[in-house]
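Student: Can you read through this structure? Questions will come right after.
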Amino acid sequence: MMKLRSVGIVGTGMYVPEKVLTNAELETMVETNDEWIVSRTGIRERHIAAPEQATSDLAYEAAVKALESAGLAAEDLELIIVATVTPDTTFPSTACILQEKLGAKKAAAFDLSAACSGFVYSLATANGFIQTGMYNNALIIGADTLSRITDYSDRNTCVLFGDGAGAVVLGEVPEGRGFLSFDLGAEGSGGALLKLEAGGSRLPASAETVQGGKHFIYMNGREVFKFAVRVMGSATEEVLRKAGKGKEDIDLFVPHQANIRIIQSAMQRLDLPEEKCVINVDRYANTSAASIPLALVEAAQGGRIKEGDTVLLVGFGGGLTWGASVLVW
C-alpha cells in the first residue's frame, strides 16, 4: 500500500484593506451603539476594501507574503485553491485570476465555496492532493469582501462583517508533523438560515431582486448562533478523537471569528483558558473564509505558535457547513 506523505503549513501570509470602519461610524449609519455591538458580538471595528479592490486583490497581497514566507517561487506552485463566497466574477474563478496575477503558470486553480468553513474545507482538499503525491505544494487562501454583499441599512447584519484575506502554503513535512485529522460536515436543511438569495440561476439579477435587497446577506441570527455553538463543540470533539488527542493536548485553539460569545462557549466546552485561544474578532469582525487564516497567521507571526505545538482549527458557516482540523506545527 502506498505510504501517504505528511502534509503541513510551510508558509503564511495575510492582508486586510487599509480602511477601518469603527462602531462609532456605524452609529451614524444605523440605529445602534458601540456598547450594544461589543457586548453582543465582541466586535469593535472591521476593515473595508477600497472601491477598486476585489477579492482577488486581497488574495494576491496575502498570497505574495505566504509564498515569500515559504521560500517558494510562484512558477513552482502546483495548486491554488481560493475559498470565497464573494468571487470577483462567477467565472473565471478568483483562483484563476490570482494564478495570472502571481504568474503561477504551472498551477491548477479553482475556487471552493463553503462560506466560513471554506478555508478548512480547502486545507482538507489540498491535504489529500499532496498526501497522495499528485501535487507537491499548494497555496490555500481564504478571502472575502463581505462589504460588497452587506446591507448597511440593516443593523442586525451590518455590524458583523468585514473584508480580508489569509493565505498558507502547504507542503510535505516530517512524519508526526502537519495535519493529523479533519472533520467536515454539512446540514443543508439549514441553508435558508444564512443565505444570499439572488444572483444565481434560481433568482437571476433583475430590477426586482435589486430593489428587494436580495443581493445582500440574510441571516437568522438566533438559529445560526444555536447551530454554531452546537457544531463547534461536536466537530471539535470528533476531530480530536480522530487525531487521538484530548482537550488537554491543545496548545492553541483557532476558532472562526464570528462572535465572541460563540468562541467563549467553545472555550468553556474545551476547558481552555483564554491564553490558549486566538481572538481577533474585535479588530476584523467576521471575514467569512478569511477568518480562520487571519487568526492563524497572526498567531504564527506573533510568536504564539512554536514548533511541535498542537493546533486546533474549527469553523462553521453558510450551507450550513462546518470544518475542523488538528495539526502539529
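Student: In whole Hz, with x marking every Gly and Pro, tabulate ³J(HN,Hα) for the stretch 307-317 from phi via Karplus 6.51 cos²θ - 1.76 cosθ + 1.60, θ = phi - 60°.
Tutor: Per-residue couplings from phi come out as 3, x, 5, 8, 10, 10, 10, 8, x, 8, x Hz.
Student: So what is the calculated 222 nm ellipticity per residue for the chain, using -39500 (n - 2.57) for each DSSP H run with n of 4 or more, over all residues, to the nearest 500 deg cm²/dmol? Let's see the in-between values first.
Tutor: Details: 10 runs with 106 residues, N = 329.
Estimated from H runs of four or more residues: -9500 deg cm²/dmol.
Student: In terms of solvent-accessible area of protein heavy atoms at a 1.4 angstrom probe, what is the ranking of LEU194, LEU77, highest value first? Kindly include the intermediate steps, with their values, before the conclusion.
Tutor: Working: LEU194 35, LEU77 0 Å².
Descending order: LEU194, LEU77.
Student: Taking only C-alpha pairs under 8 Å that are 6+ residues apart, what is the relative contact order of the stretch 248-329 in percent?
Tutor: Values: 115 pairs, mean separation 29.6, N = 82.
Reported relative contact order: 36 percent.
Student: Set the Förster radius R0 to 30 Å, insert the Cβ-Cβ distance between ALA192 and ASP249 as r into 1/(1 + (r/R0)^6), and round the FRET efficiency to 0.05. Could the numbers behind the result be given before it?
Tutor: Working: r = 38 Å, r/R0 = 1.25.
Taking R0 as 30 Å, the efficiency between ALA192 and ASP249 is 0.20.
Student: Using only Cα atoms, locate the centre of the stretch 1-73 and the centre of the stretch 256-321, then give the distance between them in Å, rounded to an integer.
Tutor: 13 Å
Student: Using a 1.4 Å probe over the heavy atoms of the protein chains, calculate the carbon and sulfur portion of the accessible area of the stretch 1-101 as a whole percent. Walk me through the numbers on the way to the answer.
Tutor: Working: 2670 of 4940 Å².
It is 54 percent, rounded to a whole number.
Student: Then there's this: Express the accessible area of the stretch 78-160 per residue in Å², computed with a 1.4 Å probe while the remaining protein chains stay in the model. Can you show the working numbers first?
Tutor: Numbers: 3020 Å² over 83 residues.
Accessible surface, normalised per residue, equals 36 Å².
Student: Can you list residues whose amide H is under 5 Å from VAL173's amide H, if they're 5+ apart or on another chain and H is modeled 1.01 Å from N?
Tutor: Distant-sequence amide H within range of VAL173: SER6, VAL7, GLY8.
Student: Which whole-number percent gives the relative contact order of the chain, counting Cα pairs below 8 Å spaced six or more residues apart? Provide the component values of the computation, followed by the final result.
Tutor: Numbers: 789 pairs, mean separation 83.2, N = 329.
25 percent.
Student: So which lysines pass the test for LYS306, namely a Cα distance under 23 Å, with those fewer than 8 places away in the same chain ruled out?
Tutor: Straight-line reach from LYS306, under 23 Å: LYS65, LYS242, LYS245, LYS247, LYS276.
Student: Let me ask you something else. In whole Hz, with x marking every Gly and Pro, tabulate ³J(HN,Hα) for the stretch 74-80 from phi via Karplus 6.51 cos²θ - 1.76 cosθ + 1.60, θ = phi - 60°.
Tutor: 4, 5, 9, 6, 10, 8, 10
Student: So if each residue of separation counts as 0.36 nm, and I subtract the Cα-Cα distance between GLN301 and ASN156, what length gain in nm does that give?
Tutor: On the way: separation 145, 0.36 × 145 = 52.20 nm, distance 3.33 nm.
Taking 0.36 nm per residue and subtracting the Cα distance, the gain is 48.9 nm.
Student: Which value in nm describes the separation of the simple spin-label points at ARG148 and ASN33, placed 7 Å from the Cα toward the beta carbon?
Tutor: That separation, rounded to one decimal, is 3.6 nm.
Student: If you filter the stretch 39-123 for trypsin sites (Lys or Arg not before Pro), then keep DSSP loop positions with at most 14 other Cβ within 10 Å, what is left? Present the calculation step by step, with values, prior to reporting the outcome.
Tutor: On the way: sites: ARG40, ARG44, ARG46, LYS65, LYS101, LYS105, LYS106; in loops: ARG44, LYS105, LYS106.
Qualifying residues, ordered by number: LYS105, LYS106.
Student: Order these peptides, 6-18, 170-182, 297-309, 122-134, by their mean beta-carbon neighbour count within 10 angstrom, highest first. Provide the component values of the computation, followed by the final result.
Tutor: Details: 6-18: 21.4, 170-182: 18.1, 297-309: 15.3, 122-134: 19.6.
The densest-packed peptide leads the list: 6-18, 122-134, 170-182, 297-309.
Student: Taking Rg/Rh (Cα atoms, Kirkwood Rh) straight from the coordinates, which label in [x] 1.04; [y] 0.95; [z] 1.14 is the correct one?
Tutor: So the calculated entry is the one marked [y].
Student: Continuing with this model, one more query. Along the Cα→Cβ direction, 7 angstrom out, place labels at VAL64 and LYS105. What is the inter-label distance in nm?
Tutor: Label at VAL64, label at LYS105, 2.1 nm between them.
Student: A further question follows. Rank THR41, ASN127, ILE292 by how far each Cα sits towards the positive end of the charge dipole of the chain (+1 on Lys, Arg Cβ; -1 on Asp, Glu Cβ) and give me just the farthest.
Tutor: The residue sitting most towards the positive pole is ASN127.
Student: Another one. Per the 1.4 Å probe, what fraction of the accessible area of the stretch 254-329, in percent, lies on carbon and sulfur atoms? Mind showing how you got there, number by number?
Tutor: On the way: 1010 of 2280 Å².
Roughly 44 percent of what the probe reaches on the stretch 254-329 is carbon or sulfur.
Student: Further, regarding this structure: Could you tell me how far the Cα centroid of the stretch 104-170 sits from the Cα centroid of the stretch 191-221, in Å?
Tutor: Centre-to-centre distance over Cα atoms comes out at 21 Å.
Student: Under 18 Å from a label point 7 Å along Cα→Cβ of SER113: give me every residue in the stretch 139-166 with its amide N that close.
Tutor: 141-150
Student: Within the stretch 49-65, find all residues whose amide N lies under 15 Å from a label point positioned 7 Å from the Cα of ALA205 along Cα-to-beta-carbon.
Tutor: 54-55
The values are calculated or read from the model by the stated rules, or taken from the named source; none is laboratory data. Computed from a predicted structure; not experimentally measured. Cβ sites come from the backbone with ideal geometry, for glycine too, and all protein chains shown count toward neighbours. SASA here: full protein model, heavy atoms, side chains in, ligands and nucleic acids out. Shrake-Rupley method; radii C 1.70, N 1.55, O 1.52, S 1.80 Å.
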